[in-house]
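A short worksheet on the structure shown next.
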Amino acid sequence: MEKFWERVRARSVSGEGIGREDALAVLSLRNDAIWRLLDVTETVRRRFKGDGIRLCAIVNAKSGHCSEDCSFCAQSRRSSAAIAKHPLLSGEEIFREAEGAKERGAREFSIVASGLAMRNKEELTCIGDAVERIRTELGLETCVSLGTLSPPDVEYLLSRGLRSVHHNLETSRSFFPKVCTTHDYEEDVAAVRAAKAAGAWVCCGGIFGLGESPEDRVELALTLRDLQVDSIPVNFLNPVPGTPLEGRRELTPMDGLRIIAMLRLTNPTREIIVCGGREANLRDLQALMFAAGATGTMVGNYLTTAGRPATEDLHMLRDLGLTPRS
Ligand code: SF4
């Protein structure tokens, strides 16, 4: 076992990242080994990212009526969840949401729209205008999550001041057909590659607790490493009534920490941002997510579920001696 810890520490501190077998071993560590694990992940996080924590916020700019059937999503065609559905907000409405996010402490703001891909030029122009205004008037970094954007559309948004493109792979290639049947994993991978090729900062991760195996979790982590994504958002299922996964609660708070730690050790130099489902899944262990390797978190509400007040997250950072950064 000592050799395991030595190898895990050396390979992650070097920036190379641990391999598949060690990543699986991290996911199966007993609860009483968590503290030793957190000692390693905390060291790795500080080495590559210091004590600054990224705080981002989102607006659900276009909600519901999605053509896709992602099993976890309240906006999917398979969902009968009672959520607010609306067409794309106006540029002014998006800007006001960004203003509120800045007041709550966010340094990065993401405009999210449901759907496989935003292709409508009028909608893209509206988002481009909002991006430019948020960047210049509020000084926030901007991100969009608009599905499988084409390379010219990414280039257009970058020309308006956009920094990041978000597009999740959600889970492993092997498990994806059990999560979504309306499009192919390779379309998502191609969109991620295209955003990277266009020069965007790429934010790409997934959601855990869908019924995937430890092998699937590691497969996703290694795919993200191969794609050299810049930032890995980590979501945990918070099942919404009316979705196919309603009632499924399989992760313990310790499982959540093991997943964050495995991502930190497989992708030591990347940002890891803990997003949706953190309150429901990490519960009282939320503050330990940074020791487990998270370098950021989302503040405020999520797409279709409520987050806790941002003031509680700012207090948590202060209590831990951590500071927000861009
Ligand atoms: S996750 Fe995105 S693509 Fe999938 S159903 Fe929800 S909004 Fe549509």
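The values are calculated or read from the model by the stated rules, or taken from the named source; none is laboratory data. Values in this document were obtained by computation on a predicted structure and should not be read as measured data. Positions of Cβ are backbone-derived with ideal geometry, glycine not excepted, and every protein chain shown enters the neighbour counts. Keep in mind that these areas ignore ligands, DNA and RNA; they rest on the heavy atoms of the full protein, side chains included. Shrake-Rupley method; radii C 1.70, N 1.55, O 1.52, S 1.80 Å.
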Quick one: is Leu222 in contact with a Lys or Arg (Cβ under 8 Å, 6 or more places away or on another chain), more than 16 Å from the ligand (Cβ to nearest atom) and in contact (Cβ under 8 Å) with a residue 60 or more places away in the chain? yes
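What are the residues in segment 131-149 that are more than 16 Å from the ligand (Cβ to nearest atom) and open to solvent by 10 Å² or more (accessible area, probe 1.4 Å), if any? Break it down stepwise before answering.
The initial filter retains those residues of segment 131-149 that are more than 16 Å from the ligand (Cβ to nearest atom), namely 131-142.
Glu132, Arg133, Arg135, Thr136, Glu137, Leu138, Gly139, Glu141 - these are the residues of segment 131-149 that are more than 16 Å from the ligand (Cβ to nearest atom) and open to solvent by 10 Å² or more (accessible area, probe 1.4 Å).
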Just the residues that are surrounded by fewer than 19 Cβ atoms within 10 Å (Cβ to Cβ) and more than 13 Å from the ligand (Cβ to nearest atom), please, taken from segment 54-79. none
(1) under 30 Å from Ala10 (Cβ atoms); (2) out of contact with any strand residue (DSSP E or B) (no Cβ under 7 Å at 6 or more places or on another chain); (3) exposed (fewer than 15 other Cβ atoms within 10 Å of the Cβ); (4) not small (Gly, Ala, Ser) all hold for Glu103 apart from (1)
Checklist (1) in contact with a Gly (Cβ under 9 Å, 6 or more places away or on another chain); (2) closer than 30 Å to Ile53 by Cβ; (3) touching a residue at least 40 places away in the same chain (Cβ under 8 Å); (4) assigned to a loop (DSSP other than H, G, I, E, B) applied to Gly161, failing item: (3)
Within the bounds of segment 117-130, is there any residue that is within 16 Å of the ligand (Cβ to nearest atom), closer than 15 Å to Met298 by Cα and either acidic (Asp, Glu) or buried (at least 20 other Cβ atoms within 10 Å of the Cβ) (or both)? no
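Mind checking which residues of segment 164-173 are in contact (Cβ under 8 Å) with a residue 40 or more places away in the chain, open to solvent by 10 Å² or more (accessible area, probe 1.4 Å) and in contact with a strand residue (DSSP E or B) (Cβ under 9 Å, 6 or more places away or on another chain)? Give the derivation first.
Residues of segment 164-173 in contact (Cβ under 8 Å) with a residue 40 or more places away in the chain: 164, 166, 168-173.
Next, from what is left, pick out any that are open to solvent by 10 Å² or more (accessible area, probe 1.4 Å): 166, 168, 170, 173.
Passing the criteria: His166, Asn168, Glu170.
Here is a list: Glu42, Glu16. Which entry is closer than 16 Å to Ala292 by Cβ, open to solvent by 20 Å² or more (accessible area, probe 1.4 Å) and at pLDDT 95 or above?
On the way: Glu16 fails: closer than 16 Å to Ala292 by Cβ.
That would be Glu42, the only listed residue that is closer than 16 Å to Ala292 by Cβ, open to solvent by 20 Å² or more (accessible area, probe 1.4 Å) and at pLDDT 95 or above.
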